[in-house]
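Report on the following structure.
The values are calculated or read from the model by the stated rules, or taken from the named source; none is laboratory data. Just so you know, these numbers come straight off a predicted model, no measurement behind them.
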Amino acid sequence: MKHLTQNLFLQNRVTSFRFTGLSDVKLEKGVVTMLSCKEVSERASALIDGELGLFDLLQMRLHLAMCKGCDAFVRQMRTTRDLTNSALETEPADIQGDDQRLSAILSQLHEEKQSGS
């Protein structure tokens, strides 16, 4: 039933689109079918980067509205992108300072072990 509803929605709404040159559009008996989960996962990066055309964007949004698994996948990819960008924008860690602090801690532990504390 879900598949039939999706096809009917698209059949009634997509008649104004020109299908010339869109090799990835599936037509079955004159009806545009929804993207598969595999196709969504292959295009997720392009969606997040804003590289999809209007028709591809509409197909992706339709699938994401109906498939919570793919929606979660795309949200997770966006989060990963945002965290990566955030990490790249922050100042690099003070590695030399970290080494000095680590050496001080190790020295203190060694002294405590030697003194029998």
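Below, the figures for the structure above:
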item	result
Scope the stretch 79-117; condition β-branched (V, I, T), closer than 30 Å to L47 by Cα and at pLDDT 80 or above; matching residues	T79, T80, T84
Single condition R13 does not satisfy, out of (1) at pLDDT below 95; (2) basic (K, R); (3) under 18 Å from T79 (Cα atoms)	(3)
